[in-house]
């Protein structure tokens with residue numbers, strides 16, 4: 001049994017900052033993290049805008065913590081939420097918290113819980129502050145849990161650029177290969193969530209990590225029994241072929257290094273110099289026989305061919 005499923009979680013909901021329509025999906029998502037032992041929601045439930053929370057919360061036995069607004073300046077419900085969370089922390093009966101709010105004022109509270117060794121799952125809108133998202137162990141976008149679609153493309157709405165995610169996955173896979181190990185799909189997701197607390201494949205329109213990685217042309221999945229591993233796809237070209245292409249392009253005249261790199265990627269769309277043991281394209285090029293790098297300025301380099309070079 002997954003040890004994570006034994007976690008005891010305290011769920012606290014800032015009802016004044018969250019739509020009740022997300023409640024079903026919030027509780028469904030938490031099943032993946034453990035058992036919810038505290039279920040509380042905070043707000044002034046005499047307000048017409050929050051009355052639907054009382055009706056819906058009864059289905060899940062969520063305890064409403066009623067706090068009238070004593071002042072237009074101070075939010076009494078937020079203060080009570082913080083007090084209760086700290087009381088629960090000191091009682092020592094839970095392994096983590098789920099704080100449902102997009103309010104950046106809770107950032108310090110989340111930091112304090114993390115300092116106390118707690119797992120903190122944040123759930124809120126995608127436009128929540130970066131500081132709040134970064135403070136959480138994981139941050140879930142409620143729009144994605146609920147399956148809401150925006151008019152703009154998935155790529156533009158993603159929290160982290162897809163290219164950046166691919167780069168991290170490649171680094172993880174390569175590190176495993178260098179250590180004589182294999183990169184497990186679950187381990188990759190865990191590492192991504194450590195680096196980007198709001199990473200979620202649903203941000204990119206996928207319902208599972210399997211389909212998310214499977215659609216990346218740079219990788220392939222290998223399943224063995226119940227384990228799924230991620231491997232780099234084998235290139236459809238050899239190192240000799242790439243080197244010959246570069247030599248052909250620089251034999252007649254010098255070529256700017258940057259433009260040469262563009263030509264290589266146009267010819268071999270999945271080319272990555274790291275596949276051949278080089279961290280930089282310039283290192284790959286300068287190790288080709290008879291190729292010479294000619295510095296033109298501090299930032300500009302040309303590539304030329306010298307048949308007489310040793």
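Residues in the range 267-305 that are touching a residue at least 40 places away in the same chain (Cβ under 8 Å) and in a strand (DSSP E or B) were compared, and the one that is nearest to the chain's Cα centre (by Cα) is 301.
So, in the range 131-142, exactly how many residues are surrounded by fewer than 19 Cβ atoms within 10 Å (Cβ to Cβ) and more than 13 Å from the chain's Cα centre (by Cα)? Total satisfying the criteria: 1. Surrounded by fewer than 16 Cβ atoms within 10 Å (Cβ to Cβ) and in contact with a helix residue (DSSP H, G or I) (Cβ under 8 Å, 6 or more places away or on another chain): is that true of residue 125 in this structure? It is true that residue 125 is surrounded by fewer than 16 Cβ atoms within 10 Å (Cβ to Cβ) and in contact with a helix residue (DSSP H, G or I) (Cβ under 8 Å, 6 or more places away or on another chain).
Within the range 177-188, one or more residues are part of a helix (DSSP H, G or I), closer than 21 Å to residue 134 by Cβ and either assigned by TED's automatic domain parsing to the domain that holds residue 119 or modelled with pLDDT of 90 or more (or both). When residue 7 is tested against (1) under 23 Å from residue 78 (Cβ atoms); (2) out of contact with any helix residue (DSSP H, G or I) (no Cβ under 6 Å at 6 or more places or on another chain), exactly one condition is not met: (1).
Identify, please: which residue in the range 178-216 is without any contact (Cβ under 8 Å) to a residue 24 or more places away in the chain and farther than 25 Å from residue 125 by Cα and is, among those, surrounded by the fewest Cβ atoms within 10 Å (Cβ to Cβ)?
We begin by selecting, within the range 178-216, every residue without any contact (Cβ under 8 Å) to a residue 24 or more places away in the chain; these are 178-181, 187, 189-191, 194, 201, 206-208, 211-212, 214-215.
If we keep only those that are farther than 25 Å from residue 125 by Cα too, we end up with 178-181, 187, 214-215.
Details: 178: 9, 179: 8, 180: 6, 181: 12, 187: 15, 214: 15, 215: 11.
Among residues in the range 178-216 that are without any contact (Cβ under 8 Å) to a residue 24 or more places away in the chain and farther than 25 Å from residue 125 by Cα, the one surrounded by the fewest Cβ atoms within 10 Å (Cβ to Cβ) is 180.
The single residue among 43, 34 that is modelled with pLDDT of 90 or more, assigned by TED's automatic domain parsing to the domain that holds residue 126 and farther than 22 Å from residue 125 by Cα turns out to be 34. Look at residue 267 and say whether it is at pLDDT below 85 and out of contact with any strand residue (DSSP E or B) (no Cβ under 7 Å at 6 or more places or on another chain). In short, no. Residues of the range 223-250 that are free of Cβ contacts under 8 Å to residues at least 12 places away in the same chain and more than 21 Å from residue 271 (Cα to Cα): 223, 224, 225, 226.
For the range 36-49, which residues satisfy the criterion of being closer than 16 Å to residue 26 by Cβ and surrounded by fewer than 18 Cβ atoms within 10 Å (Cβ to Cβ)? The one that is closer than 16 Å to residue 26 by Cβ and surrounded by fewer than 18 Cβ atoms within 10 Å (Cβ to Cβ): 37.
The values are calculated or read from the model by the stated rules, or taken from the named source; none is laboratory data. Here the structure is a predicted model, which is why all the values come from computation and not from measurement. Every residue, glycine among them, receives a Cβ derived from its backbone with ideal geometry; neighbour counts consider all protein chains shown.
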